[in-house]
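S.K.: Take this structure, written in structure tokens, and hold onto it; I'll ask about it next.
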Ligand code: BES
Ligand code: MN
Ligand code: ZN
């Protein structure tokens, strides 16, 4: 996608579509006001007649507006002027893009801004614009047969800015937004692909393809024999029932010389049936999304490499399938993890932590400055926070704070849960060093406590994305979260970019 900025009047640009906004009670946004005066009051007239409305999310597409160079004018409702913020901005923009998505628009100009909010950063506005447009146009059609409908042939997006001085930050924001959007599309694709296509081997091949596409990026994939040699018996116990070979994916991006890296670990269970502790049937198909942690860290790596950011990042993905069979791990089985600690597997459906613990131990060799694991780890997390915020648990307050802050500025929000050691007693076992489950109470936290047993001495945070990685129901599909938050976290570590 190409972007440009413009300070000229909306009515003067010969694009295929210009997007303008009107507030409730007939107040016109800057772009709409210009179109209105160029067209001798047509917008105000239509508002008076009730043909267009300021209701947030409504949109009417006008064609051949007199005195306007653009072929179409999408007039979108912005809601109340006083409550128009970033959320409303994205919602209005989404409505406009949906309204014109069946048109033949190649070049569009967006005039929506946050004109009522003092000191909006043009960088974030452009980033949200790029992300929202790409997110609205995203379709997953890979598995549909027949001729695929081509989407809108959009290739150029203009961003109206108030003053020339905003151009630099705006272009930087659109560049970052565009890269984040393509990372989110990759994460969504990997999530939406069915488990018979997106296997551990498929994830490994994707990581290897990315390494071929980007300089400074390397990928290594370990097979089960190599994992056995490393002592990853906890990870291997999860794949025992499956015929799909497990893969251990390691990606390394070097953008900052000899700095200690940020290590991102992603849960890559390409299908979670629960194993012998089999899950109930309804909605079990959604357990193809149990690799969304892996998808998000691989996709974030793609964003970082595309933007050539000055950071060092390692990605570690334990990728397995969790199925029952005659060779599957049974409740009560005890395994020795790579760290040497023994685990009594009381529930084979608590498998995420069993693969992550060996990935966390393996990651010690990178001497991480910080290590963050990302996982669709517990149903309990969905009970605690619902589908709006990712849960953060950490042994380091500064790290937790900067993750939550990155969530706020990228509008990919997170909320911290406690991690007191009292919770860990729920994992006590009569037979091994500890058990892999701690009962229903505080399930998201006891899962994190389990991981915490393997992160001693590291600055570590755990993100439970069970509620935020995908949507159920009619809108079923992966969200691409938390790619924006992770990218923001890494961008913040880069300091001001040249
Ligand atoms: N992948 C699931 C967690 C999950 C469930 C995410 C539903 C999103 C929706 C995980 O492997 C799991 O099964 N966790 C168990 C843990 C329990 C056995 C302690 C759970 O949450 O029920
Ligand atoms: Mn499970
Ligand atoms: Zn799982």
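S.K.: If I filter the stretch 245-282 down to residues being assigned to a strand (DSSP E or B) and within 12 Å of ligand 2 (Cβ to nearest atom), which single residue comes out as surrounded by the most Cβ atoms within 10 Å (Cβ to Cβ)?
M.R.: Step by step, filter the stretch 245-282, then rank; the result is 269.
S.K.: Can you name every residue in the stretch 37-78 that is part of a helix (DSSP H, G or I) and closer than 20 Å to residue 158 by Cα?
M.R.: Hit for the stretch 37-78 is 38, nothing else.
S.K.: Something else: Here are some residues: 4, 89. Which one is under 34 Å from the mean Cα position of the chain (by Cα) and part of a helix (DSSP H, G or I)? It would help to see each step written out before you state the result.
M.R.: Numbers: 4 fails: part of a helix (DSSP H, G or I).
So the residue among 4, 89 that is under 34 Å from the mean Cα position of the chain (by Cα) and part of a helix (DSSP H, G or I) is 89.
S.K.: Against the condition at pLDDT 95 or above, farther than 17 Å from residue 381 by Cβ and surrounded by fewer than 23 Cβ atoms within 10 Å (Cβ to Cβ), how does residue 442 come out, does it pass?
M.R.: No; evaluated as a whole, the condition is false for this residue.
S.K.: With without any contact (Cβ under 8 Å) to a residue 12 or more places away in the chain, exposed (fewer than 15 other Cβ atoms within 10 Å of the Cβ) and not in a helix (DSSP H, G or I) as the only criterion, which of 168, 146 stands out?
M.R.: Numbers: 168 fails: not in a helix (DSSP H, G or I).
Unique residue meeting the criteria: 146.
S.K.: In addition: When residue 323 is evaluated against the numbered criteria (1) more than 10 Å from ligand 1 (Cβ to nearest atom); (2) within 23 Å of the chain's Cα centre (by Cα); (3) touching a residue at least 60 places away in the same chain (Cβ under 8 Å), which criterion, by number, is the only one it fails?
M.R.: The failed condition is (2).
S.K.: Taking the stated definitions as given, is residue 492 surrounded by fewer than 17 Cβ atoms within 10 Å (Cβ to Cβ) and touching a helix residue (DSSP H, G or I) at 6+ places or on another chain (Cβ under 9 Å)?
M.R.: Yes: the conditions hold for residue 492.
S.K.: Could you check, for the stretch 200-210, whether at least one of its residues is part of a loop (DSSP other than H, G, I, E, B) and modelled with pLDDT of 95 or more?
M.R.: Within the stretch 200-210, the first condition is being part of a loop (DSSP other than H, G, I, E, B), and the residues that meet it are none.
Checked against the condition, which is being part of a loop (DSSP other than H, G, I, E, B) and modelled with pLDDT of 95 or more, the stretch 200-210 yields no hits at all.
S.K.: Applying the selection to the stretch 279-311, what residues are over 22 Å from residue 467 (Cβ atoms) and touching a helix residue (DSSP H, G or I) at 6+ places or on another chain (Cβ under 9 Å)?
M.R.: Let us first name the residues in the stretch 279-311 that are over 22 Å from residue 467 (Cβ atoms), namely 301-311.
Scanning the stretch 279-311 gives 301, 302, 303, 304, 305, 306, 307, 309, 310, 311.
S.K.: Could you list, in sequence order, the residues of the stretch 316-329 that are in contact with a strand residue (DSSP E or B) (Cβ under 8 Å, 6 or more places away or on another chain) and within 16 Å of ligand 2 (Cβ to nearest atom)?
M.R.: Start the filter on the stretch 316-329 by keeping residues that are in contact with a strand residue (DSSP E or B) (Cβ under 8 Å, 6 or more places away or on another chain), which leaves 316-323, 329.
Within the stretch 316-329, 318, 319, 320, 321, 322, 323, 329 qualify.
S.K.: Within the stretch 336-374, can you find the residues that are within 16 Å of ligand 2 (Cβ to nearest atom) and either more than 27 Å from the chain's Cα centre (by Cα) or free of Cβ contacts under 8 Å to residues at least 24 places away in the same chain (or both)?
M.R.: 343, 345, 346, 347, 348
The values are calculated or read from the model by the stated rules, or taken from the named source; none is laboratory data. Predicted, not measured: the structure shown is a model, and the values here were computed from it. Note: ideal-geometry Cβ built from the backbone for every residue, glycine included; neighbour counts use all protein chains shown.
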